[in-house]
Structure formats: structure tokens, C-alpha cells
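The values are calculated or read from the model by the stated rules, or taken from the named source; none is laboratory data. Bear in mind the structure is a predicted one, so any value in this text is a computation, not a measurement. Here the Cβ positions follow ideal geometry from the backbone for every residue, glycine too, while neighbour counts run over all protein chains shown.
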Amino acid sequence: MAFWARISDWWTGRGSDDGPVAIEAGGGTAVAEAESVEVTPIPRVAVASERPAEESSSASCWWRPEGELMVRGPRLDKPVLAGMAGEIEAGVLTALEQALGDPNIELPHLPRIPQQVLMLSRGEATSLREIARLIAQDQVLSADLLRRANSAAYGGLAKVTTVESAVVRLGMRGIRAFMISQSVKHVTLAVGGKAGRSRGESLWRESLASAYVMATVADSINSQSEDAFLAGLLHDIGKVVVLRCCCEVHTKTGQAVPDELFDYLCQEYHELMGEMIAERWQLPPQVGAIIKDHHSEEGLTGEHGTQRALIQMADAVVSLLEYSPRLPYDLFGMPASVFLDLETNTRFQETLVLLPEMLDLAMNSD
Ligand SMILES: [Fe+2]
Ligand SMILES: [Fe+2]
């Protein structure tokens, strides 16, 4: 099966290990058929050999930028800021240090319904009907779920119009991924208010693109796609705390935090802040551990090395595909790629050819 179909199957819950879907009906339990309509694979992009030669060659070299290449991300120096900018910097630094030092600091929290759904989904006896009932309490979440269940990723399936059938369509894995993704989106876009909206949107776009890239590449190296997708979504969540502190200072002083300062503070603080959020959200402990050291090359050889390598590699891919500022990464020369042995992995090479179109499709279906 083509890798895109496998990722799509994972993302949509088709062919997953969820098994038949148990739904309580009329006091008893019935096994719901997850739509009896024949499953049609989602639209597949043409493979390189099916494309005109010219298009094929241009599509196949996006990962080989010209000029001097870099095998690791840039290390930013502390910007030298004077006058008002210096005062803004001091204000943001104070807010960040307070956030790090205070265990009771209010951190961005998981919205109530997703939090309850995630807790409930851990129970073995939980039925999808219970989950559907919970989600139905939130109109916005319900509408988003219906949109997801009827999106291009499920092309060919009959339109669903109820929360319960949308839950059945996604399955337990799909619902968990959807809840985390909606929560990260909500927190990222809301945390900075109006002042932080555009930075929040960029952060969300990068996180979602990283998640899709990680899931896809994880599949090509026979690693867990679901874990990789969630690590991609969550690895930079600490940046929302930096964003919030910057926006608070902006509101107080009327002065926006310069980009070079925001980027530098993200570099310095986002791993620690991310670990704190993972703990506060009661995510599995390994998620916090991965987030804490995700830029570390030493971390590649330790526990969770594969997840960290996937994150570092996804950062480069997301940049090369311009979902974040473009930098000339040497994709195969990076320590993460060497660690994952990507140069000799033909499935990964196939993945690279299809990735731009696949990502475009995935990003536009969310
Ligand atoms: Fe990061
Ligand atoms: Fe990142």
C-alpha cells in the first residue's frame, strides 16, 4: 500500500487497531458499522514517474537547496537592544523567569471538553457514544469534528451529519489526535489575543506541518505514526508561553516585541516551558521528556532518540517547504538524518517526492 494511503488510514482511523466500534444502543451494546459505504482512498497525487519529466525533476529537488548548506539550525545570539526595546526585553524576561520559577503560574490550559475526552479515551471500557455525548456539549468542537469527518481526507465516504457518526468515522485514535490538535490550535491562536494573532497563526501552521511530516516520515521508517504526529503537534508548545509573555508586555507598554527578540526568547525558553505544559496537561511523561530536549544532538542517542531525530528532521523539512522561514538545510547531512539512516532508505526518498503535495492537501483539509 502506498505510504500516503497508510498515513491517511492512520489519520482517518481506517485500518487502525481500533477494531470494531462499540456503541451502546438502547441500554445494550451494538457493534456499529463504521459506514457501510465502500472505502475509497483519498485522492492520491501522481507519483514522480507519472508526471511530466520537467515537473518531476523540479518537484524532486526541493530538499537540495543551492549554495552553502547547514546541517543544524542556527544558534541565535542575544539581540542588542537599546532604549524602549531594552525595557521591553527586561519586561518579557521577568515574566518568563517568573513563569519558570512559580509552580502555580497559570499556564495555557487544555480546553475542558478535549481534556475530558482525552481522559475518558484512556479507559478501556469507554464507548464512542459516551465520547460523542461529551463532544456534543461544545457546539464549536462539534462543528469542527463534522467538518473533519466530511473533509477531503475521507473523500468518497457518505456525508455524516451527527456528532456520533463523526466520532465513529474517526475512531478512538482519530478522536484522540483530533482533540490534541484542536486544543493546540485553540491555545496557540488564543493565547496572545489580538496582538499575538499573526505569530500564533505562524506557530500553529508550523506545528501542524511538523505533525504531518513527522507522521509520514515515521511511517517510512516503521516507527509509530500516531506518537510522531502528536510529538510534532506538541514539541514547540512552549512557544505559546513566550508569546503570551511578549503580548502581555506589548499590552502594558504599547510596544510590540521585535521579531529578533521573540525568536531568541523562543530558542532559550520553549523547551523548558513546553515540558511544564506537558506536565500540567497530564500528558504521558515521555512527551515532556521528548519536548525538553528536542533540539539536543546528544538526545539522539538516549531514550526517545528516534522521536527527537524526527522532530529535528521535520523542522528542516518544514523550513525547506516554507511552512517556516526558509533556511538551506542539508537534509541528508543533518545528524538527525544520519541517526535515522535516511540516505539509504528508499521509502523515505519516495516520501520526499510526494511530500509537498501531500502536505498541501493535508494542511488545507484542516
Ligand atoms: Fe523547537
Ligand atoms: Fe519545531
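Any idea how many residues of segment 134-161 are part of a helix (DSSP H, G or I), free of Cβ contacts under 8 Å to residues at least 12 places away in the same chain and more than 29 Å from residue 276 (Cα to Cα)? Break it down into steps so the answer makes sense when it comes.
Start the filter on segment 134-161 by keeping residues that are part of a helix (DSSP H, G or I), which leaves 134-135, 139-149, 152-154.
Those left that are additionally free of Cβ contacts under 8 Å to residues at least 12 places away in the same chain: 139-140, 143, 147.
Next, only the ones that are more than 29 Å from residue 276 (Cα to Cα) stay: 139, 143, 147.
Selection size over segment 134-161: 3.
Looking only at helices (runs of 4 or more DSSP H) that fall completely inside segment 251-340, which ones have 3 or more residues that are modelled with pLDDT of 95 or more and touching a strand residue (DSSP E or B) at 6+ places or on another chain (Cβ under 9 Å)? Can you show your working first?
On the way: elements: 259-280, 285-292, 305-320, 335-340.
By residue number, 305-320.
Within segment 62-99, count every residue that is surrounded by 12 or more Cβ atoms within 10 Å (Cβ to Cβ) and under 30 Å from residue 334 (Cα atoms).
Within segment 62-99, residues that are surrounded by 12 or more Cβ atoms within 10 Å (Cβ to Cβ) and under 30 Å from residue 334 (Cα atoms) number 12.
Condition check: modelled with pLDDT of 95 or more and away from ligand 1 (no atom under 16 Å from the Cβ). Does residue 163 satisfy that? Lay out the reasoning, then the answer.
On the way: modelled with pLDDT of 95 or more: yes; away from ligand 1 (no atom under 16 Å from the Cβ): yes.
Against the criterion (modelled with pLDDT of 95 or more and away from ligand 1 (no atom under 16 Å from the Cβ)), residue 163 qualifies.
Limited to segment 188-212, what total is found for residues that are away from ligand 2 (no atom under 16 Å from the Cβ) and assigned to a helix (DSSP H, G or I)? Even if it seems obvious, please write down each step before you answer.
Within segment 188-212, the first condition is being away from ligand 2 (no atom under 16 Å from the Cβ), and the residues that meet it are 189-198.
Add one more test, that the residue is assigned to a helix (DSSP H, G or I), and what stays is 189-190, 197-198.
Adding up the residues that qualify gives 4.
Check whether at least one residue in segment 241-260 is among the β-branched types (Val, Ile, Thr), within 16 Å of ligand 2 (Cβ to nearest atom) and surrounded by 19 or more Cβ atoms within 10 Å (Cβ to Cβ), and report yes or no. Working first, answer last.
Narrowing segment 241-260 to residues among the β-branched types (Val, Ile, Thr): 241-242, 249, 251, 253, 257.
Pick out the ones that are also within 16 Å of ligand 2 (Cβ to nearest atom) and you get 241-242.
Within this subset, residues satisfying the condition of being surrounded by 19 or more Cβ atoms within 10 Å (Cβ to Cβ) are 241-242.
Yes, some residue in segment 241-260 is among the β-branched types (Val, Ile, Thr), within 16 Å of ligand 2 (Cβ to nearest atom) and surrounded by 19 or more Cβ atoms within 10 Å (Cβ to Cβ).
Conditions (1) within 15 Å of ligand 2 (Cβ to nearest atom); (2) charged (D, E, K, R), marked per residue:
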site: 263; (1), (2): yes, yes
site: 287; (1), (2): yes, no
site: 300; (1), (2): no, no
site: 320; (1), (2): yes, no
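Given the conditions (1) more than 16 Å from ligand 1 (Cβ to nearest atom); (2) touching a helix residue (DSSP H, G or I) at 6+ places or on another chain (Cβ under 6 Å), report the number of the one that residue 214 does not fulfil.
Residue 214 satisfies every listed condition except (1).
Which residue out of 263, 293, 330 is touching an Asp or Glu at 6+ places or on another chain (Cβ under 8 Å) and among the acidic types (Asp, Glu)? If you could, list the steps in order and put the result at the bottom.
Working: 263 fails: touching an Asp or Glu at 6+ places or on another chain (Cβ under 8 Å); 330 fails: touching an Asp or Glu at 6+ places or on another chain (Cβ under 8 Å).
From the options 263, 293, 330, the qualifying one is 293.
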